[in-house]
Structures are given as C-alpha cells and as structure tokens.
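K.L.:
Here it is, the structure, as structure tokens.
No lab work stands behind these numbers, since they all come straight from the coordinates. Small disclaimer: the values here were computed from a predicted structure and weren't measured. Please note: Cβ atoms are built from the backbone with ideal geometry, for glycine as well, and neighbour counts cover all protein chains shown.
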Amino acid sequence: MSGQHMFDPEQEAEDQRISTVSTESQGYPALVWRRFRKSVPGMIGLVLVGTLLFVSVFASFFAPMDPKKPYSAFIRPDRISFHDTHRGWRPWPVLYRITETDEFDPITYQPITGPDMENPVPIRLFGKSWNYRLFGLIPTSRHFIAAGDGGEIHILGTDKLGRDIFSRAITGSRISLAIALISISFITTIGTLVGIASGYIGGRFDLWMQRVVEVILAFPQLPLYLALATLIPVTAPSWLFLTFVVLVIAGLGWAQLSREVRSKTMSMRRIDYVRAAMAVGAGDGRIILRHVLPNVLSHVIVSVTLGIPSIVLLESFLGFLGFAVKPPMISWGLMLQDAGTFSVIGSYPWILSPVAFVLLTVFAFNALGDGLRDAVDPY
C-alpha cells in the first residue's frame, strides 16, 4: 500500500480549516455583492435608498399630521429635546411647542415667539393622530410618532396656509420618487432595446437610428420641457400633468443611454464567444439574451442609479416653476414654490426644509450608483 495515498479525514478537515480560499464557486451577482459591501459610501447609499422607499410607501403612517389640513400659518418648528425641565435628561425626546411671549420685536413690532419650556409634551411611538386608510383599505389612526397629549406636532413648522411641512414632505416623496422611478423605467427599457438593436444589427438600421438619437440629443432640454409643459391647460386634472411630465422626461432621456448601450454592444460583437455562437448557428435573439444583454446590464444598472437623482432634481425644478405637479397633489418641487421670494425665506427660513429631502435623495442614489460602478467594473 506504499504506492497509494491513504485518506486521512482528520488531515482533510485540518486542511480545510487552514485554507483561506473558498472552494465554492460564486456567480457574478455574488462577486458584485462581495465587492459592493466593502464600499462604505455605497452601503450608506443603499440603506438611505431603502429607507426612502420604505417611508414613501408608508407615507401616511410616518406623517404625524394631516398633510392637507390647514393649521395656523407659519408656525415655527417645535423644539425637540432630550431634556425635560421637570425630570431632567430623558432617554426619549420631548416636545416643546412654540408660543408667543409678552415681548415685541422693536423693528417689526411682531410678538416674539419661543418654546414653552414649562409644558413639555412627550413624543410617543405608534400614537394616535389623524385618521387615514393604510393602502387605501385599512382605516387607522396609528402613526410612527405622535404628540403624547393628542395635540399638534410640527417638526418642521407650517407653510403660509398652515399645512404641516414635515408631513407634506414625507407625503410628497411618493410623487417625486414615483415620477423618477417610472421615468427611469421607460428610459431604461427604450434606451436598452434601441441601443442593443442598433449596435447588434448595424448597417443602414444603425445609421438611421443614430440620426434620430442625434436629433433628440440636439434639443435644448430645459426650454423644451417648459414649452411642452405649457401645452396642457391649467384646468387639466392632476393625473394628466403627472403623465405628461413622465412622458416628456422619458421621451428626451432615452437617447443618451441608447448611445452608451450601442457602444458597449458593438464591442461585444467582436468577442470570441459571441462569434462562436454566431458560427454554430445560434439565433440573434439567443445571442442577445444570453451573451450581449448580461454584459450590458451592469452598465445599465449603474446608469439607472445615477439617472434617478437627475430626474428628482428636474422634477423639483419644474415643480418650483409650476410646470409639473398641480395641487392637490404634493411633491417637493411644488412645496418649494412657497420659498419664491427672499422676504419669505428671511422671515420663515423653515420653508426651505424640502430642499433637505431633495439633497438627501440625490446623495443616496449617487452614493449607491458610485458603489455599484466600482463593484460591477472588473478593472
């Protein structure tokens, strides 16, 4: 038996324990996730994007006040503190409402306001507030946070009509993110299909298709957005404005992605395994679905995550100008209309609070896209 290798189970177990190389094969998604989770900005962006989407889906639950109900105009944001004037420091924050004092401003002669430090209000989790229907079906009045005394809570104050800004910003995330996600879905589908078809088929089809793409890219987008938005009557319903904005953004946004996908597809056609598939008689559909599309998909995913912030910014800008969402719908851009004058910003700076939600969304998707770009790139 000297010429044969004797199997030693203890030695085999010791070798597997010492070895640092994984014996299991990993697919491309597993390798991408392995590299992506090492990116700190990418993981932060993933958590923020997941949180934004979760909050937007359950917006009514996270909105402590009715976003459409008018309260007192231009109420200052309530003070949130972990210090109770009666009990000292607390593990859970309390609320101090802003009230008017007996003093007057010597310049404006308006009553000076300040927090009512003598009457702290506890903030309760899953407390009761305004009534709503969860998913439009389940009637409830439970919310993530609510004032312990059942009264009002204005974390970011109110606007000129007395509507709670924090609740409106959370509710407005539905429209702003919905416009971005639906638009990017159309842009991705059209741009990917046109780009792959143009790069793979080539010839006269590619020649004419690229002329169409160049015409679309030649348009100055912002003036065209404004010109097309004015075609809808002011009295048109809100859903018509919303549909039109999505179609305009998608109609002008797919061209750039198709040009990028086309260049990637043309380089894929010259790879050996694609030529081998052509040589053995594989159909064009099989080659595109099995060989071209998986290699182009990584670039498309990164383009999607980097394109959503641009659409959010565009919707905010168009909403600020009054060319996007119309009341009674709520979006971040529509909320920024109240901050159109310097006098309002100077006197009521909390009106600019929706800008923070826009910045947070843009940062989250940009960080996620940057982490994905590093993870899917093998070089």
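K.L.:
Per-residue HN-Hα couplings for the range 76-91, Karplus 6.51 cos²θ - 1.76 cosθ + 1.60 at θ = phi - 60°, whole Hz, x for Gly and Pro?
P.N.:
In residue order, the calculated couplings are 5, x, 5, 8, 9, 8, 8, 10, 9, 5, 9, 10, x, 6, 10, x Hz.
K.L.:
On to the next question. Could you pull out the trypsin sites (Lys or Arg not before Pro) across the range 143-240 that fall in loop regions by DSSP (anything but H, G, I, E, B) with no more than 15 other Cβ atoms inside 10 Å?
P.N.:
Here the trypsin sites (Lys or Arg not before Pro) that fit, given the DSSP loop and packing criteria, are LYS160.
K.L.:
Taking θ as phi - 60°, what are the ³J(HN,Hα) couplings along the range 94-100 by the Karplus curve (6.51, -1.76, 1.60), each to the nearest whole Hz, with x for Gly and Pro?
P.N.:
Result, rounded to whole Hz: 10, 10, 10, 6, 8, 10, 7.
K.L.:
Considering the options PHE219, ALA276, LEU48, tell which one lies farthest towards the positive end of the dipole of the chain, charges being +1 on Lys and Arg and -1 on Asp and Glu at the Cβ, about the Cα centre.
P.N.:
Going by the charge dipole, the pick is ALA276.
K.L.:
Now, a different point. So for the chain, taking the charge dipole from beta-carbon charges (+1 Lys/Arg, -1 Asp/Glu), which of HIS86, PHE186, PHE144 sits furthest toward the positive end?
P.N.:
Of the options given, the answer is PHE186.
K.L.:
Let me confirm the definition first: pairs of Lys residues in the chain, 8 or more apart or on different chains, C-alpha distance under 24 Å. How many are there?
P.N.:
For the chain, the number of qualifying lysine pairs is 7.
K.L.:
List, in order, the whole-Hz ³J(HN,Hα) value for each residue of the range 291-296 obtained from phi through the Karplus relation with A = 6.51, B = -1.76, C = 1.60 and θ = phi - 60°; use x for Gly and Pro.
P.N.:
Each residue's phi maps through the Karplus curve to give 10, 7, 4, x, 7, 8 Hz.
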